[in-house]
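One structure is given below, encoded as structure tokens.
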Amino acid sequence: MTHRVEDLTPSLTYTMPFSNVLHLPFPDKVKATRLAGFHELAIQPQEVARIAASGLSIQNMRLIAEDNGIKISRLDPLCTWNPNWHPNNMDDSFIADHSTTALEFFEIASELGCTHMSLNATFTANAYALDELVSHYAEICRLAREEGIVCDLEPIPMWGVTSLEQGWEIVERAGAPNGGLVLDTLHFVRSESKLETLATIPGSSIHCVQICDGIHPLKSGVTLEADCFERMWPGTGNFPLADIVSGLHKIGGLNGVGPEVFSVPNQNMATEDVARLCKQSLLAYPELRA
């Protein structure tokens, strides 16, 4: 069955993840977001810096988005929110690309008018005791609150906050009024996080839902790192996406929803095709259809 653009549930907010439009010039990122029927766009701070260096100012990026009815809502990610942030499973170019300081990050977010930010815990697992993690998270939330920004922690099993259970414990213990979570279905599945845990989390604390598919269990010889950047469009793998989306719906956690699909084949995809796939991949789930 073919669904029209207006078939997405109008009561929800849909966000275009930066991954799907990395290869597109900035105006086409916005165009793909609009054609998909989404409301918001997420972008990386290092990408903003590169675009600005090429001659398109941050102010004009914001104007282009606003002229198309799109809000650049989320800056994603900040990695340097703790002193030992360097990952041991990424190359030097990744580290250099993700070395944006908190000060630089908040300056970009302010110019773009971002209301939300994502934290990646790129340090190694067990690098910090839980109390230390909570302290570092509470502090970056405090700084974000001064800027009027919601500060979301994204559990990612290949790094230092490995599961939804651990991520929620950190957020809950920090008690920051602007704290919350990003739920990425790849990381949810690969970390073997539980639907029972999801059911205990207030949906209002989940501010971003990134949906992709994959093959579970992970194929022999494939690392979490490789898998993270070779994702499948929702509905083309065997992840229990229907159960996850349903679980999010039950708690009111379908916020900032979008398909996040890092993939080499996507790098040659036309703007219109990106928009079409983003839309169609979400329409597979009744909770997201009008």
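The values are calculated or read from the model by the stated rules, or taken from the named source; none is laboratory data. Since this is a predicted model, take the numbers as computed values, not measurements. Reconstructed Cβ throughout: ideal geometry from the backbone, glycine too, with neighbour counts over all protein chains shown.
Structure above, values below:
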{"item": "Residues satisfying the stated conditions in segment 243-264, i.e. of a type outside the set (D, E, K, R) and part of a helix (DSSP H, G or I)", "result": "244, 245, 246, 247, 248, 249, 251, 264"}
{"item": "Residue in segment 80-93 that is out of contact with any His (no Cβ under 9 Å at 6 or more places or on another chain) and in a helix (DSSP H, G or I) present", "result": "yes"}
{"item": "Positions within segment 73-95 being touching a strand residue (DSSP E or B) at 6+ places or on another chain (Cβ under 6 Å) and not basic (Lys, Arg), in sequence order", "result": "73, 75, 76, 77, 78, 79, 81"}
{"item": "Criterion: of a type outside the set (Asp, Glu) and more than 25 Å from residue 104 (Cβ to Cβ) - qualifying residue of 65, 32, 42", "result": "32"}
{"item": "Filter pass, residue 183 being touching a strand residue (DSSP E or B) at 6+ places or on another chain (Cβ under 9 Å) and farther than 17 Å from residue 154 by Cα", "result": "no"}
{"item": "Any hit, segment 274-281, residues being in contact (Cβ under 8 Å) with a residue 24 or more places away in the chain and assigned to a loop (DSSP other than H, G, I, E, B)", "result": "no"}
{"item": "Selection status of residue 42, touching a Lys or Arg at 6+ places or on another chain (Cβ under 8 Å) and closer than 26 Å to residue 160 by Cα", "result": "yes"}
{"item": "Output for segment 52-79, where each listed residue is more than 26 Å from residue 209 (Cβ to Cβ), part of a loop (DSSP other than H, G, I, E, B) and not aliphatic (A, V, I, L, M)", "result": "54, 55, 57"}
{"item": "Filter pass, residue 283 being buried (at least 18 other Cβ atoms within 10 Å of the Cβ), closer than 21 Å to residue 35 by Cα, touching a His at 6+ places or on another chain (Cβ under 6 Å) and not small (Gly, Ala, Ser)", "result": "yes"}
{"item": "Selection from segment 7-51 of residues that are acidic (Asp, Glu) and not in a strand (DSSP E or B)", "result": "7, 28, 47"}
{"item": "Residue in segment 35-46 that is within 26 Å of residue 203 (Cα to Cα), of a type in the set (D, E, K, R) and surrounded by fewer than 19 Cβ atoms within 10 Å (Cβ to Cβ) present", "result": "no"}
{"item": "Top-ranked residue of segment 159-208 - restricted to ones that are over 28 Å from residue 280 (Cα atoms) and polar (S, T, N, Q), ranked as surrounded by the fewest Cβ atoms within 10 Å (Cβ to Cβ)", "result": "200"}
{"item": "Selected residue (only one of 134, 150, 161, 171 is modelled with pLDDT of 95 or more and in contact with a His (Cβ under 9 Å, 6 or more places away or on another chain))", "result": "150"}
{"item": "Test: residue in segment 195-214 that is touching a Phe, Trp or Tyr at 6+ places or on another chain (Cβ under 6 Å) and farther than 23 Å from residue 74 by Cα", "result": "yes"}
{"item": "Subset of segment 209-254 (residues that are over 18 Å from residue 194 (Cα atoms) and either surrounded by 22 or more Cβ atoms within 10 Å (Cβ to Cβ) or among the aromatic types (Phe, Trp, Tyr) (or both))", "result": "229, 231, 233, 234"}
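Every residue, every condition in (1) crowded, with 20+ Cβ neighbours inside 10 Å; (2) without any contact (Cβ under 8 Å) to a residue 60 or more places away in the chain; (3) farther than 30 Å from residue 202 by Cα, yes or no:
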| site | (1), (2), (3) |
| --- | --- |
| 92 | no, yes, yes |
| 103 | no, yes, yes |
| 106 | yes, yes, no |
| 110 | no, yes, no |
| 114 | yes, yes, no |
| 123 | yes, yes, no |
| 127 | no, yes, no |
| 145 | no, yes, no |
| 154 | yes, no, no |
